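Inspection log for the structure reproduced underneath, given as C-alpha cells.
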Amino acid sequence: MISFIKEKKSCWDNLKTEKRPIYIYGMGDGAMKIMSVFRRMNIPVAGIFASDEFVRGHYFEGFLVRKLSEVEEMHKDFVIVLAFGAGYQELIDKIHNMAKRHTFYVPDVPVIGTGLFTYEYCMQNARKIREVYDSLADDFSRQVYANIINFKISGKLEYLDPVTSPKSEIYRKIIRPVTTETYVDLGAYNGDTIRELMEYTKGKFFAVHAFEPDRKNFRKLAKFADGIQNLNIYNAAAWCIDTILPFAFKSGRQSAISANSENMIDALSVDSILKKKPATIIKMDVEGFEREAIWGSAYTISHYAPKMMVALYHRNEDIFEIPLLVKMLNPKYKLYIRHQPYIPAWETNLYAVIK
C-alpha cells in the first residue's frame, strides 16, 4: 500500500455504476478510445457534444453532435466525460466552469500503448512508484507526483490545479538556461521549443541539434532554422541506435513511430550525432518512445549530465519507468516533476539536473 494514493476507485468504476445520462465532450481519437473502454465495460453513452464552433449538424459514431446548451435543455442532471486535450487557458477555464455545474470526469487513456491506469495497476507497480516518489528532489515534486497519480486513477479535475506550474517558472527555477547551451531537441516540431530556449538566452547558444521525423513539420522547422548559425536539424526520429523505422505521418504533433506503417524514416541516436561531445540540455517529447531515446543518449547522460526535460505522459508506465531509467544512468541527478497547464495530465514532465 502507498499512503499518498488516496483514490482506490477508478473513474471507470464510478461510471459503471452511474444512473444519470453520460455525455462525451469531444470527438476524434480520444473519444474513440474512451468509447472503446465503455463498450468493454458496458458503460452506456447517452450522446456526444462539442464546443459550439464545432457543431454543424453532423454525426460522430452514430450520435448527433450537440451543443452543451442543447444537452442542458434535454437533461436536468447528467455526467460529462472529457475526450480531448486542453492546453490553453481560455479552454481550461471553460472546462472548469462546466465542472462547477455538472459531474465531470477526465478519464486517463494512454496516448500510446494499452491498458488502464487504475489503483490495481499502481499496486502492481508499487515498488517502482514508491522508489520514484522517494527519489524526488523537493516536496512540490512529491505533491505533483501524488496528485497526478490520483488524477490518472480517478479522473477528478481537483487534483490538477494545485500542482500546475507555468512553463516560465520551470525554466527560471529548474532549467536556468544560459547563453552557452548545447541544446538537443528531440521532437522539435516547428522550432517552438527552440524559440522558448532562445527567449531565456537572448537568442544565444553554442549549438542546437533538433530532431523532427514528420516531413511537414520538418519543412516548418527548416524554414525557422534557415540562416541561424549552429542550428543543426535532422529529419529523423530519436532512437537507441541508428537505423530505419516505420513511421505514421499525421498532422501536427501526432506523428509517431508505428509498426503498422509502410512509410520508413531514418532514426538516429543522440550519442551518434554528438560523437562523444557534450550536450548541456536534452528535451524529449517523442510520442511514447522516450525510453528508446534515453538509451540512445546513455553515454551523454552518464558522462556529461545534461539538464533533462522528458515527457512522462505518453504511456502508462512512463510515470515511473522514465525517472528510474534516468536516475540509473546518472545517479547524481536531482529529479523534479512538474505539470504545466493542461487537461488531462499531459504536459507532466521530468526535469533532471545536477545543482
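Quick check on my filter: what residues within region 6-20 are crowded, with 18+ Cβ neighbours inside 10 Å and farther than 23 Å from P44 by Cα? Quick ask: steps written out before the conclusion?
At the first step, the residues of region 6-20 found to be crowded, with 18+ Cβ neighbours inside 10 Å are 7, 10-12, 15.
Within region 6-20, E7 is the sole residue that qualifies.
Being surrounded by 20 or more Cβ atoms within 10 Å (Cβ to Cβ), aliphatic (A, V, I, L, M) and under 25 Å from F84 (Cβ atoms): is that true of V106 here? Please lay out each step first, then the result.
Values: surrounded by 20 or more Cβ atoms within 10 Å (Cβ to Cβ): yes; aliphatic (A, V, I, L, M): yes; under 25 Å from F84 (Cβ atoms): yes.
It is true that V106 is surrounded by 20 or more Cβ atoms within 10 Å (Cβ to Cβ), aliphatic (A, V, I, L, M) and under 25 Å from F84 (Cβ atoms).
Answer with yes or no whether L221 is at pLDDT 80 or above and buried (at least 21 other Cβ atoms within 10 Å of the Cβ).
Working: at pLDDT 80 or above: yes; buried (at least 21 other Cβ atoms within 10 Å of the Cβ): yes.
For L221, the condition - at pLDDT 80 or above and buried (at least 21 other Cβ atoms within 10 Å of the Cβ) - is met.
Scan K167, K152 and give me the residue that is under 26 Å from A293 (Cα atoms) and touching an Asp or Glu at 6+ places or on another chain (Cβ under 6 Å).
Working: K167 fails: touching an Asp or Glu at 6+ places or on another chain (Cβ under 6 Å).
Testing whether each residue is under 26 Å from A293 (Cα atoms) and touching an Asp or Glu at 6+ places or on another chain (Cβ under 6 Å) leaves just K152.
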Q | Residues within region 1-24 that are over 14 Å from G155 (Cα atoms) and not charged (D, E, K, R), tallied | A | 8
Q: Name every residue in region 134-144 that is in contact (Cβ under 8 Å) with a residue 24 or more places away in the chain and out of contact with any Ser or Thr (no Cβ under 9 Å at 6 or more places or on another chain), in order of residue number.
A: S135, L136, A137, D138, S141, R142
Q: State all residues of region 136-186 that are assigned by TED's automatic domain parsing to the domain that holds H339 and crowded, with 23+ Cβ neighbours inside 10 Å; if no residue qualifies, say none.
A: Y183, V184, D185, L186
Q | Contacts under 7 angstrom Cβ, first residue in region 96-108 being over 14 Å from P21 (Cβ atoms), partner of a type in the set (F, W, Y), 6 or more apart | A | M98/F104; P107/W12; D108/F117
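Could you say whether any residue in region 287-301 is of a type in the set (K, R), in a helix (DSSP H, G or I) and in contact (Cβ under 8 Å) with a residue 24 or more places away in the chain? It would help to see each step written out before you state the result.
Within region 287-301, the first condition is being of a type in the set (K, R), and the residues that meet it are 291.
This time we only want the ones that are in a helix (DSSP H, G or I), so: 291.
Narrowing further to those that are in contact (Cβ under 8 Å) with a residue 24 or more places away in the chain: 291.
Looking for residues that are of a type in the set (K, R), in a helix (DSSP H, G or I) and in contact (Cβ under 8 Å) with a residue 24 or more places away in the chain, one finds at least one in region 287-301, hence yes.
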Q. Since G30 meets every condition but one in (1) within 25 Å of K76 (Cβ to Cβ); (2) at pLDDT below 95; (3) crowded, with 16+ Cβ neighbours inside 10 Å, which condition does it not meet?
A. (1)
Q: Note down all Cβ pairs under 6 Å where the first residue falls in region 315-344 and is within 15 Å of K167 (Cα to Cα), the second is among the aromatic types (F, W, Y) and modelled with pLDDT of 95 or more, and they're at least six residues apart or on different chains.
A: Y336/Y351; I337/Y145
(Q) Out of the residues in region 230-258 meeting the condition of being surrounded by fewer than 16 Cβ atoms within 10 Å (Cβ to Cβ) and over 21 Å from the mean Cα position of the chain (by Cα), tell me which one is modelled with the lowest pLDDT. (A) P246
**Q.** Count of residues meeting criterion [of a type in the set (F, W, Y) and part of a loop (DSSP other than H, G, I, E, B)] in region 233-247
**A.** 1
**Q.** Options D77, D93: the member that is modelled with pLDDT of 95 or more, assigned to a loop (DSSP other than H, G, I, E, B), more than 19 Å from the chain's Cα centre (by Cα) and not aliphatic (A, V, I, L, M)
**A.** D77
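A quick yes/no check of all residues on (1) under 15 Å from T118 (Cβ atoms); (2) in a loop (DSSP other than H, G, I, E, B):
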| site | (1), (2) |
| --- | --- |
| D13 | yes, no |
| I24 | no, no |
| G30 | no, no |
| F38 | no, no |
| P44 | no, yes |
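Tell me the residue from I343, I337, I273, I294 that is of a type in the set (A, V, I, L, M, F, W, C) and under 20 Å from D134 (Cβ atoms), please.
Working: I343 fails: under 20 Å from D134 (Cβ atoms); I273 fails: under 20 Å from D134 (Cβ atoms); I294 fails: under 20 Å from D134 (Cβ atoms).
The match here is I337.
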Q | Selection from region 107-159 of residues that are closer than 23 Å to M328 by Cα and in a loop (DSSP other than H, G, I, E, B) | A | N125, A137, D138
(Q) Among the residues of region 198-214, are any surrounded by 13 or more Cβ atoms within 10 Å (Cβ to Cβ), modelled with pLDDT under 95 and within 27 Å of A298 (Cβ to Cβ)? (A) yes
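The values are calculated or read from the model by the stated rules, or taken from the named source; none is laboratory data. Since the model is a prediction, treat every value here as computed from it, not as a measurement. No Cβ is skipped: glycine too gets one built from the backbone with ideal geometry, and neighbour counts run over all protein chains shown.
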